[in-house]
1. Answer with yes or no whether Asp62 is at pLDDT below 85, within 20 Å of the chain's Cα centre (by Cα) and surrounded by fewer than 21 Cβ atoms within 10 Å (Cβ to Cβ).
2. Considering only residues of region 414-463 that are part of a helix (DSSP H, G or I), without any contact (Cβ under 8 Å) to a residue 60 or more places away in the chain and under 22 Å from the mean Cα position of the chain (by Cα), which is surrounded by the most Cβ atoms within 10 Å (Cβ to Cβ)?
3. Of the numbered conditions (1) without any contact (Cβ under 8 Å) to a residue 40 or more places away in the chain; (2) under 19 Å from the mean Cα position of the chain (by Cα); (3) surrounded by 15 or more Cβ atoms within 10 Å (Cβ to Cβ), Asn351 satisfies every one except a single condition; which is it?
4. Please determine whether any residue of region 26-33 is part of a loop (DSSP other than H, G, I, E, B), of a type in the set (Lys, Arg) and either more than 21 Å from Val479 (Cβ to Cβ) or modelled with pLDDT of 75 or more (or both).
5. Anything in region 320-343 that is touching a residue at least 60 places away in the same chain (Cβ under 8 Å) and either surrounded by fewer than 18 Cβ atoms within 10 Å (Cβ to Cβ) or among the hydrophobic types (A, V, I, L, M, F, W, C) (or both)? List them, or say none.
6. Restricting region 292-319 to residues that are of a type outside the set (Ser, Thr, Tyr) and in a loop (DSSP other than H, G, I, E, B), which is nearest to Glu447 (Cα to Cα)?
7. Checking the condition more than 17 Å from the chain's Cα centre (by Cα) and either modelled with pLDDT of 95 or more or buried (at least 18 other Cβ atoms within 10 Å of the Cβ) (or both), which residue from Val239, Val290, Val255 passes?
8. Going through region 34-66 one residue at a time, which ones are assigned to a loop (DSSP other than H, G, I, E, B) and within 22 Å of Ala161 (Cβ to Cβ)?
Amino acid sequence: PDAETGVAGALDDLVVVSNREPYQHRYTEEAGVVVDTPVGGLTGGLDRVMRRTDGTWIAWGDSDADPSVVNAADCVRVPPGDPSYTLRRVWLGEDAVREYYYGFSNQVLWPLCHGLHGKAEFDRAFWERYRDVNAHFAETVAEHVEPGSTVWFQDYHLALAPRMVRQSLPAGTPLVQFWHIPWPEADTFRACPEGEALLDGLLGTDVLGFHVPEYCRNFLDCVARELPGATVDRDAGEVVYDGHRTRVRAFPMGVDAERIGDVSANTPDGFWESFRREHGVVGSTVAVGVDRLDYTKGIPERLDALERFWERNPEWRGELTYVQKATESRSAIPAYQRLGTEVRDGVERVNDRFGTDEWTPVVYLEEHLSDADLYGLYRHSDLALVTPVRDGMNLVAKEYVAAQPTTPGEAGVLLLSALAGADDDLGDDALTVHPSDTDGFADAIGEAVSMPDHDRDRRMCRLRSTVRTNDLDAWMGDVFAAVEGVRDGVGSVGTG
Ligand code: G6P
């Protein structure tokens, strides 16, 4: 069995399939080939899983390395410098990227699944390209699967591939899919003209995972409503469709809490003083937010709440500073460009209103931070504002907890949106925020900054224990235990 998860067999011949690749090779004349790691919980988390295997990770080759160098090869061994698994790149042309990635994935499925279907841009060409690219991924998967492999699809970019790939796989190959974003209510899902095909695609899997039970229930409701031929057993969390059984399960994703705790505890002496000096962070209390620039993350709502807080609590002007680390994302999409402008304007508005020569209320960073700097920032921040308007899980909440000091009197406070999947795990000991309720949110900031030490410590102690128990290994162990459960029957009816 694997030492960390206790699961036998499942890590051998693992084939992970995702849209985003874990390492991106960039080429510049001056620096030659540089390797970046993309932002987002999916790639970082799964890379730590894959490092323990000799498996294959299939992903869109979004690298712009000089094609004359080795990095344009279909297969590269990664991580760079300490290779342990194979990255197989699927090359996509410009039109495919525009219609499949920016189009159907991020302008239809992303808003739809986050309950924002008014933002969805339905377009036949997006759908057709999504289908073609899923077929392209499915063909690539078939090239890499051997008897004994487990195929693990990730996320909303690849809803159709499981059904497409099923026919071509050796008998007994388990197919798993983990959906990293919410699954919407049936009424919302109904807005999607291709809903039936998406459900049909996903029901090609043996195990279909979501972060929390609510998304599983929503998915089963959608199947019951849209696919008359399917039999849905809500109690067992199973669907039988077209002679095949799919288990629908909640696996709340976690973080590598031990590593984050170690990195943060080993922050070099003087880190915080120099970070504060470099970025102009003054005052007795620091709040932090770390997000991709995405309209689901609730950044404008957060700026409104901070503004309300400073408006009502003038004694905290000059004392509470908010550090917003933002990472540009999907910026070819107009809604993301608008959001970027709204956020930058919002920061300027608040800083113009309250800022002084000595104090900048909102310190806004778009630059890259290393893990050490990020976890150091979490460790020293007195509160974290994790307040998306909707989020599948939100691993920043868990990373913040994992990075907190254990010394009594030094714990920070987590403010967490009721609309993040992480609320299921962490809601009892975080301060719960409804991100669009500006007054309530401002009150919660007030409560956090004046919370007595013993209360902070008590809450953080319980949060830490939850985050450590339900960490990345536990998540993977649960997923693979479910896979082991189907390995012999492979989902065919009557053998499950
Ligand atoms: C979310 C999605 C991931 C995605 C990440 C970054 O976490 O669930 O699938 O990789 O955002 O977004 P991007 O579009 O840059 O891959």
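1. Values: at pLDDT below 85: yes; within 20 Å of the chain's Cα centre (by Cα): yes; surrounded by fewer than 21 Cβ atoms within 10 Å (Cβ to Cβ): yes.
It is true that Asp62 is at pLDDT below 85, within 20 Å of the chain's Cα centre (by Cα) and surrounded by fewer than 21 Cβ atoms within 10 Å (Cβ to Cβ).
2. Residue satisfying both the conditions and the ranking: Leu426.
3. Among (1) without any contact (Cβ under 8 Å) to a residue 40 or more places away in the chain; (2) under 19 Å from the mean Cα position of the chain (by Cα); (3) surrounded by 15 or more Cβ atoms within 10 Å (Cβ to Cβ), the lone unmet condition for Asn351 is (2).
4. Start the filter on region 26-33 by keeping residues that are part of a loop (DSSP other than H, G, I, E, B), which leaves 29-31.
Remaining after also requiring of a type in the set (Lys, Arg): none.
Scanning region 26-33, I find no residue that is part of a loop (DSSP other than H, G, I, E, B), of a type in the set (Lys, Arg) and either more than 21 Å from Val479 (Cβ to Cβ) or modelled with pLDDT of 75 or more (or both), so the answer is no.
5. Start the filter on region 320-343 by keeping residues that are touching a residue at least 60 places away in the same chain (Cβ under 8 Å), which leaves 320, 322, 327, 329-330, 332-333, 335.
The answer is Leu320, Thr327, Ala332, Ile333, Ala335.
6. Filtering first and then ranking leaves Asn313.
7. Working: Val290 fails: more than 17 Å from the chain's Cα centre (by Cα); Val255 fails: more than 17 Å from the chain's Cα centre (by Cα).
Unique residue meeting the criteria: Val239.
8. Taking region 34-66 first, the residues assigned to a loop (DSSP other than H, G, I, E, B) are 37-40, 51-55, 61-66.
Selection gives Pro38, Gly40, Thr53, Gly55, Gly61, Asp62, Ser63.
The values are calculated or read from the model by the stated rules, or taken from the named source; none is laboratory data. Please read these numbers as outputs of a predicted model, since none were measured by experiment. Quick reminder, even Gly has a Cβ in these numbers, built from the backbone with ideal geometry, and neighbours come from all protein chains shown.
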